[in-house]
1. Taking Cα centroids, how far is segment 1-47 from segment 79-105 in Å?
2. Sorted by mean Cβ packing within 10 Å, highest first, what order do the peptides 127-133, 216-222 take?
3. Given Cα positions, please report Rg to Rh for segment 182-230, the hydrodynamic radius being the Kirkwood one.
4. Once amide H atoms are built 1.01 Å from N in the peptide plane, which residues 5 or more positions from Asp225, or in another chain, come under 5 Å H to H?
5. First select every other residue whose beta carbon is under 14 angstrom from the beta carbon of Ala5; then total the charges, Lys and Arg +1, Asp and Glu -1.
6. Which far-off residues, 5 or more places away or on another chain, put their amide H under 5 Å from the one on Asn145, with H placed in the peptide plane?
7. Set the Förster radius R0 to 45 Å, insert the Cβ-Cβ distance between Glu233 and Phe187 as r into 1/(1 + (r/R0)^6), and round the FRET efficiency to 0.05.
8. Rank by packing, highest mean first: peptides 72-79, 168-175, with packing defined as the count of other Cβ atoms within 10 Å averaged across residues.
Amino acid sequence: MSWYANWFDSNYYHILYKNRDQKEAEYFIDNLIKKLKIVKGNKLIDIACGKGRHAIYFNKKGLNVVGVDLSPSSINFANLNTKIENLKFAVHDMRDVYKNEYFDIATNLFTSFGYFENEDDEQKAINSISKNLKKDGILVLDFMNIKKVISNLVFKEKKEIDGITFNIKRSIKKNCIVKDIEIIDGFKEYQYKEKVKALTLKCFSKFIRGAGLKIINIFGNYALDDFNVNSSERLIIICKK
């Protein structure tokens with residue numbers, strides 16, 4: 001089993017990241033809807049949706065939303081919301097097309113990319129995301145700004161959550177940012193790994209061109225200010241098919 005399938009489907013992953021900022025996510029989505037003139041009734045697929053926090057809010061704003069993720073536990077949690085109209089969740093690999101030329105918008109948010117060992121898989125994922133889109137469809141890619149992350153990397157960190165200790169060590173290996181996560185839960189100890197490729201705008205541009213998409217905007221934060229490679233918190237790429 002790959003590290004990401006193992007870690008992302010672990011209950012400890014959900015504990016470690018349970019306090020992700022919902023207001024920040026909603027602020028970002030509100031700004032996207034306004035900037036991109038997204039209208040009610042548009043069909044949106046949220047790729048690598050996790051527990052569905054972005055997908056659920058897009059749905060609340062009037063969109064017809066499908067959220068897909070590789071993690072069965074994340075989708076099981078998200079499916080608690082399946083009674084909501086025009087909202088669906090499914091276990092799905094982003095490297096495969098979900099529904100050909102069906103969606104107006106595709107999103108891949110909060111650094112949910114760069115996990116594959118083989119670069120061909122990353123290109124395959126972007127190709128499949130593109131194939132999900134109708135002509136003139138929009139892709140929103142939200143990744144970390146690698147240059148700033150590396151310059152501010154915290155190499156060691158300890159977190160106590162719900163009586164569980166998380167000892168986190170970060171390093172840069174073979175163009176990847178690696179987290180080695182030691183978990184102490186009572187008398188039990190576990191080891192997990194989280195690894196994200198240090199993908200730059202140049203890397204994404206190559207994938208995007210290869211998928212027949214065109215970059216139309218690049219933003220550097222959730223307020224959708226211009227991207228600055230030295231200071232921006234995020235790398236947010238808006239593409240059109």
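The values are calculated or read from the model by the stated rules, or taken from the named source; none is laboratory data. This one's a predicted model, so the numbers in the text were calculated from it and none came from an experiment. Using ideal geometry, Cβ is built from the backbone for each residue, glycine included, and neighbour counts are taken over all protein chains shown. All accessible areas refer to the heavy atoms of the entire protein, side chains included, with ligands and DNA or RNA removed. Shrake-Rupley method; radii C 1.70, N 1.55, O 1.52, S 1.80 Å.
1. What the calculation gives is 13 Å, centre to centre.
2. So the peptides 127-133, 216-222, ranked by packing, come out 127-133, 216-222.
3. Dividing the radius of gyration by the Kirkwood radius yields 1.27.
4. Counting only residues 5 or more places away or on other chains, the set is Gly220.
5. On the way: positive: Arg95, Lys193, Lys195; negative: Asp9, Asp69, Asp93, Glu117, Asp121, Glu194.
Value of the local net charge: -3.
6. Amide H neighbours of Asn145, under 5 Å, 5+ apart: Arg234, Leu235.
7. That gives a FRET efficiency of 0.70.
8. Working: 72-79: 17.9, 168-175: 12.5.
Averaged packing, sorted descending, gives the order 72-79, 168-175.
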